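The values are calculated or read from the model by the stated rules, or taken from the named source; none is laboratory data. Source: prediction; values computed, not measured. Don't worry about glycine lacking a Cβ; one is built from the backbone with ideal geometry, like all the others, and counts go over all protein chains shown.
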Amino acid sequence: MKTITRHYIDGAFVESHGRETRDLVNPTNRKTIARVTLGDEEDTRRAIAAAKGALATFGRSTKEERLSLLRRLHESVMARIDDLTAMMVEEYGGVVQFAGPIVQSGANAFLAAERALKELPLTKTWGKTTVTLEPVGVAGLITAWNANALFMCLKLASAVAAGCTVVIKPSELSSLQAQVLVEALHEAKLPKGVLNVVTGLGTVVGAELVRNPDVNKISFTGSVAVGQQIMRDCAATMKRVTLELGGKSPTVLLDDAALERAIPAALVLAFMNSGQACAAGTRLLVPKSRLGEVKRAIVDAMSAFKVGDPADPKTAIGPMVSQKQYERVQSYIRKGLEEGAEVLAGGEGHPAGFEGGYFVKPTVFVNATNDMAIAQEEIFGPVLSVIAYDSEDEAIRIANDSQYGLHSAVLGTDLQRARRVASQIRAGRVVINGMTDDPDAPWGGFKFSGVGREYGGYGIEAFLEAKGILE
């Protein structure tokens with residue numbers, strides 16, 4: 001069994017002052033694989049002090065110096081890409097077909113930040129006025145377990161590009177991933193104090209980052225409830241905040257869609273990361289005139305979404321991260337049945353042969369309506385609700401009838417029409433005809449899905465303050 005007892009503070013791995021421990025369980029087989037010693041307020045204050053001390057110098061670094069650091073960070077993470085992928089699979093059961101690209105995206109976040117920084121003017125002058133974009137200061141970065149390596153790299157890349165120093169609090173459920181990643185980042189030889197990482201509970205380490213007056217910004221990825229609390233608490237010290245929160249993303253299937261392509265694409269969107277993704281398209285809106293065809297197409301396509309060992313490249317659905325998450329998904333499947341929805345595929349309980357881990361059956365509900373809990377609440381598991389609509393206008397209304405607005409999709413043959421529909425959906429990102437990505441495009445949500453944006457130049461600007469000098 002592995003043990004983790006150290007944090008990364010002021011350029012070195014140091015023993016934890018906190019003594020509380022947490023066991024990590026492999027969700028595929030429920031075996032304990034590691035014990036991590038959690039940081040406390042003292043560990044966090046030491047990390048904040050190191051970041052504050054480094055800011056005096058790093059905050060005045062040149063664009064060229066930061067560009068060089070971003071390139072080194074990319075190279076260092078790439079050197080451990082296989083280790084990071086394997087750890088993501090072991091630690092929370094992320095299927096390798098998802099984990100590999102996610103880790104790669106994390107490494108590439110440094111290249112995207114490098115490109116964006118080159119193009120971002122940090123000084124503008126007109127007449128006798130000069131405006132400079134300066135680092136916001138010390139940033140607390142709080143990341144989630146479901147794509148921890150990506151979140152850590154993405155937030156760090158933007159902060160470093162802006163000239164900020166950071167303290168990262170990764171999810172304690174991702175301690176092994178974080179350890180491997182920090183070992184990689186250490187090899188980039190950042191100036192001491194620029195990067196600090198303290199693993200611990202959100203109620204301890206996260207709370208200290210949020211209330212400490214020497215932290216100038218919080219960037220958080222996680223649940224709506226925690227995001228709301230962070231936003232309230234940050235007001236006491238006027239911290240800047242970026243919040244990437246939950247989602248209940250709609251996939252709008254237009255009546256001209258080619259189902260042999262559209263339905264597999266819709267299921268990929270719904271079941272990505274075994275459904276444990278804030279962007280998962282867990283509401284599929286289909287025209288009533290094609291509902292029968294859609295049902296048959298879903299049944300035919302489900303065979304491609306196999307439950308199994310997450311290390312197997314053929315596996316599409318792995319386990320839930322914990323017993324708690326398994327039970328949450330089961331409760332929503334029961335709730336969907338109680339509300340009158342019909343199970344087209346999946347249902348309650350473990351898939352046959354997978355009782356030893358936190359596996360659930362990928363489930364598709366039909367005859368669902370948008371007011372049901374399964375259509376309004378984020379389940380964070382492989383559960384899809386199929387909702388019928390009569391007209392394009394009604395589809396758009398249903399898509400927007402949610403407290404969330406992070407991600408969405410439109411599937412159809414007429415691209416001009418698909419773009420028109422996409423333009424009317426209130427979400428931070430809309431993809432057309434399948435899951436695509438652009439590391440320079442903004443990422444973030446409308447409504448309860450968050451505040452602010454990440455990725456590319458948008459992410460860097462979130463760590464900058466504008467200052468005008470006038471003569």
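Key figures for this structure:
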| item | result |
| --- | --- |
| Only one of T143, T132, T165 that is buried (at least 24 other Cβ atoms within 10 Å of the Cβ), within 17 Å of G59 (Cβ to Cβ) and touching a residue at least 12 places away in the same chain (Cβ under 8 Å) | T165 |
| Residues that are in a strand (DSSP E or B), under 21 Å from D390 (Cα atoms) and hydrophobic (A, V, I, L, M, F, W, C), drawn from segment 242-292 | V252, L253, L284, L285, V286 |
| Of residues in segment 446-457 being touching a residue at least 60 places away in the same chain (Cβ under 8 Å) and surrounded by fewer than 23 Cβ atoms within 10 Å (Cβ to Cβ), the one farthest from P121 (Cα to Cα) | F448 |
| Residue among T282, T315 that alone is touching a residue at least 12 places away in the same chain (Cβ under 8 Å) and buried (at least 24 other Cβ atoms within 10 Å of the Cβ) | T282 |
| Among the residues listed as G94, G11, G39, the single one being touching a His at 6+ places or on another chain (Cβ under 6 Å), in contact (Cβ under 8 Å) with a residue 12 or more places away in the chain, of a type outside the set (D, E, K, R) and closer than 20 Å to A178 by Cβ | G39 |
| Lone qualifier among P101, P121 - being assigned to a helix (DSSP H, G or I), free of Cβ contacts under 8 Å to residues at least 24 places away in the same chain and farther than 23 Å from R30 by Cα | P101 |
| Condition met for A399 (of a type outside the set (D, E) and either within 21 Å of N146 (Cβ to Cβ) or in contact (Cβ under 8 Å) with a residue 24 or more places away in the chain (or both)) | yes |
| Matching residues, segment 297-353, being of a type in the set (V, I, T), farther than 26 Å from L259 by Cα and in contact with a Phe, Trp or Tyr (Cβ under 6 Å, 6 or more places away or on another chain) | V321 |
| Any hit, segment 428-445, residues being surrounded by 14 or more Cβ atoms within 10 Å (Cβ to Cβ), within 17 Å of D401 (Cα to Cα) and small (G, A, S) | yes |
| Check on L69, surrounded by 15 or more Cβ atoms within 10 Å (Cβ to Cβ), touching a Phe, Trp or Tyr at 6+ places or on another chain (Cβ under 6 Å) and within 17 Å of G193 (Cα to Cα) | no |
| Unique residue being touching a helix residue (DSSP H, G or I) at 6+ places or on another chain (Cβ under 6 Å) and either buried (at least 17 other Cβ atoms within 10 Å of the Cβ) or not basic (K, R) (or both) when the list is E20, E41, E75 | E41 |
| Some residue of segment 382-399 being of a type in the set (G, A, S) and part of a strand (DSSP E or B) | yes |
| Any hit, segment 190-198, residues being within 27 Å of T5 (Cα to Cα) and under 20 Å from the mean Cα position of the chain (by Cα) | yes |
| Condition broken by D23, with the remaining ones in (1) in contact with an Asp or Glu (Cβ under 7 Å, 6 or more places away or on another chain); (2) over 17 Å from N212 (Cα atoms); (3) of a type outside the set (S, T, N, Q) satisfied | (1) |
| Residues located in segment 131-170, provided they are in contact with a helix residue (DSSP H, G or I) (Cβ under 9 Å, 6 or more places away or on another chain), at pLDDT 95 or above and of a type outside the set (A, V, I, L, M, F, W, C) | E134, P135, G137, G140, T143, K155, S158, G163, T165, K169, P170 |
| Identity of the residue in segment 87-119, farther than 28 Å from S61 by Cβ and among the acidic types (D, E), that ends up surrounded by the most Cβ atoms within 10 Å (Cβ to Cβ) | E91 |
| Criterion: within 28 Å of L243 (Cα to Cα), in contact with a strand residue (DSSP E or B) (Cβ under 6 Å, 6 or more places away or on another chain) and buried (at least 23 other Cβ atoms within 10 Å of the Cβ) - qualifying residue of L406, L411, L384 | L384 |
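Yes or no, residue by residue, for (1) crowded, with 18+ Cβ neighbours inside 10 Å; (2) hydrophobic (A, V, I, L, M, F, W, C); (3) closer than 25 Å to D255 by Cβ; (4) at pLDDT below 95:
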position: Y332; (1), (2), (3), (4): yes, no, no, no
position: L344; (1), (2), (3), (4): yes, yes, yes, no
position: P362; (1), (2), (3), (4): yes, no, no, no
position: A373; (1), (2), (3), (4): no, yes, no, no
position: F380; (1), (2), (3), (4): yes, yes, no, no
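Conditions (1) closer than 19 Å to G202 by Cβ; (2) part of a strand (DSSP E or B); (3) under 26 Å from the mean Cα position of the chain (by Cα); (4) modelled with pLDDT under 95, marked per residue:
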site	(1), (2), (3), (4)
H7	yes, yes, yes, no
L24	yes, yes, yes, no
T28	no, no, yes, no
T32	no, yes, yes, no
V36	yes, yes, yes, no
G39	yes, no, yes, no
D43	yes, no, yes, no
A49	no, no, no, no
A56	no, no, no, no
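Conditions tested, residue by residue: (1) under 30 Å from V299 (Cβ atoms); (2) among the aromatic types (F, W, Y); (3) in contact with a helix residue (DSSP H, G or I) (Cβ under 9 Å, 6 or more places away or on another chain); (4) assigned to a loop (DSSP other than H, G, I, E, B).
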position	(1), (2), (3), (4)
Q403	no, no, yes, yes
A409	yes, no, yes, no
Q416	no, no, no, no
T436	yes, no, no, yes
E465	no, no, no, no
